[in-house]
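Structure record follows, encoded as structure tokens.
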Amino acid sequence: MTAPPALPAKWHPLVRGFLDTPGAAQRAVHRFGSPVHLLFPQVFADNLHRLQRVLDAQVRRYRICYAHKANRSRALLRTGEYAGIAVDAASPQELAAAVGAGFTADRIEVTGPKGESFLRQLVGTGVTINVDNLWELDRIADLARGHTRVPVLLRVSGFPAAGVSRFGVPLAEVDAALAVLAEQRPWLAFRGFSFHLDSGELGERVAAVQECLALVERACARDLSPSVLDIGGGFRQVFTADADRFDGYVAALRESLRGRGEPMAWGGNTFGFHLDDTGVRGTPVFHKYANTVPATGMLADLLAAPLDAHGGRTVAQVVAENLLDVWLEPGKALVDHAGITVARVEFVKRAADGSVLVHVDLSRDTVTPADQEVMVDPVVLPGPSGAGSGGAPVGVFFAGRLCLERDLITNHKVWLPGCPRSGDLVVFPNTAAYHMDLSAASASMHPLPPKLAVLHRDGGYRVCRDIEYDPVAAVAESDRAVPGAGGRL
């Protein structure tokens, strides 16, 4: 018998160990209710160590700024602070959270669009402002003039090989920005250039680095002294445990959209594909779930990439020769596999077309980033009635609790070993990076799920409220092996 299409998720060994511990997830839900978000700060620390090892091998001076926007969790934020890294805050609320977690001004960078009131709040604090546009730069100089000097980075965009971005100063306007920085030198402490690319293409990042290095020379010509090259974030996650099965699922989905084989899409959803008389074309909205290159691999490849304009010397070599510090702003890469979301099955029903709908007590916006289709299979844990009797695999759609047709948590069919029952728990994997927070809303007055922190300690798992998590206790466990991983937390 041929196995049905599947999207097997990759799991961190520590998270897998928690789910494999009899009753662990069930006890958390019994104590704190359903649904819940579970965070694993030790996985965050593990991800941080992996990035640091890549940087240590190639770069002499660097700064990791955790992009707090990836997750509101205080436990993750405190883990970053305790580890001694910096933070990237993108709102007054994130700034307050960072300060509250212990970050000092010299370890805070503020990015994104800011506005008048936020700029007024920032000037004089000592945090580094990553300037998005000429208006911001002028306003910072005006606000600082006469009483303080503000450290600033200049975010640039419009690189020849990259798509247009709403953020950053276009390359054509950089000379104007450098003129302001030179004229307002008493009030603006220019630290260097930054960029951020959503693309995972190495060539685009290398081109951006090369452009920024050229800008460094132009800045020096104006007697400015840039010392930072901020390469931003956008380092990808790896969701799938089996790239071949992922490709197989997508191939089956494309066939089903052409009317061949078993229907696999709910409500005529095409997932961004274009259908015409010649077939199924285009790039699906879930294309990032196909990625197989980890963030560490992307970073290592970038630092080792040769630069044509510098005689083939690598990015890391040229950065060192120019005495530049490398800054980066990972969010997804640090929280990758550091969170899961657990919800209870309320009931199972059949729709008029025979589709099996598994209703859970959360909504789509609780586990999807910006309404993207999440292409990894959830796991079902037995509820109080125990494991089911098994049987043939069943294809289902997971439905949410909102009174809206669109509240389907999966618009694609998910095959399970058996049909879930009321009270079972559904575990959505790898939800820490934006999935929990980016679209989360309190529609129909449903409260947001609480966040809990899970600590692996003394061979077991302890669960506490996110706000109560103490990173000092976790570090005490750092010399203990992650179950099945053979590495440090």
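Where a number appears in this text, it was derived from the coordinates with a stated rule and is not lab data. As the structure is a prediction and not an experimental result, all values here were calculated from the model. We place every Cβ from the backbone using ideal geometry, glycine too, and count neighbours over all the protein chains shown.
Centre-to-centre, using Cα atoms only, segment 237-314 and segment 348-425 are separated by 24 Å. With one equal scatterer per alpha carbon and no solvent term, the Debye-computed log10 I(q)/I(0) for segment 228-292 at 0.19, 0.27 1/Å reads -0.80, -1.24.
With K and R counted +1 and D and E -1, the other residues having a Cβ less than 11 Å from that of H337 yield a net charge of +1. Only helices enter the 222 nm calculation for the chain: every DSSP H run of n ≥ 4 contributes -39,500 (n - 2.57), and dividing by all residues gives -8500 deg cm²/dmol, rounded to 500.
Taking each residue as 0.36 nm, the span from R260 to E321 lengthens on full extension beyond its C-alpha to C-alpha distance by 16.1 nm. In segment 162-235, the convex hull through the Cα atoms has an average projected area of 5.0 nm², a quarter of its surface area.
With the cut-off at under 18 Å, measuring from each backbone N in segment 294-335 to a point 7 Å along the Cα-to-Cβ line of D198 picks out 329-333. Across all directions, the average flat footprint of the convex hull enclosing the Cα atoms of segment 1-117 is 12.4 nm².
Candidate cross-link partners of K114 among the lysines, defined by an alpha-carbon separation under 20 Å and a same-chain spacing of 8 or more, comprise K69.
Gain on full extension, evaluated as 0.36 nm per residue between S91 and S355 minus their Cα-Cα distance, stands at 90.7 nm.
If I take R0 = 22 Å and measure r between the Cβ atoms of S444 and S385 in this structure, what FRET efficiency does the formula 1/(1 + (r/R0)^6) give, to the nearest 0.05? Once rounded, the FRET efficiency stands at 0.20. Of the GluC sites (Glu not before Pro) found in segment 156-231, the ones in coil according to DSSP and having at most 15 other Cβ atoms within 10 Å of their Cβ are E201. Model label points for F347 and V164, set 7 angstrom from Cα along the Cα-to-Cβ axis, are 5.0 nm apart. For E217 and L134, a Förster radius of 22 Å and the Cβ-Cβ distance give a FRET efficiency of 0.55, rounded to the nearest 0.05. Once the chain from V293 to T104 is taken as fully extended at 0.36 nm per residue, the excess over their C-alpha distance is 64.7 nm.
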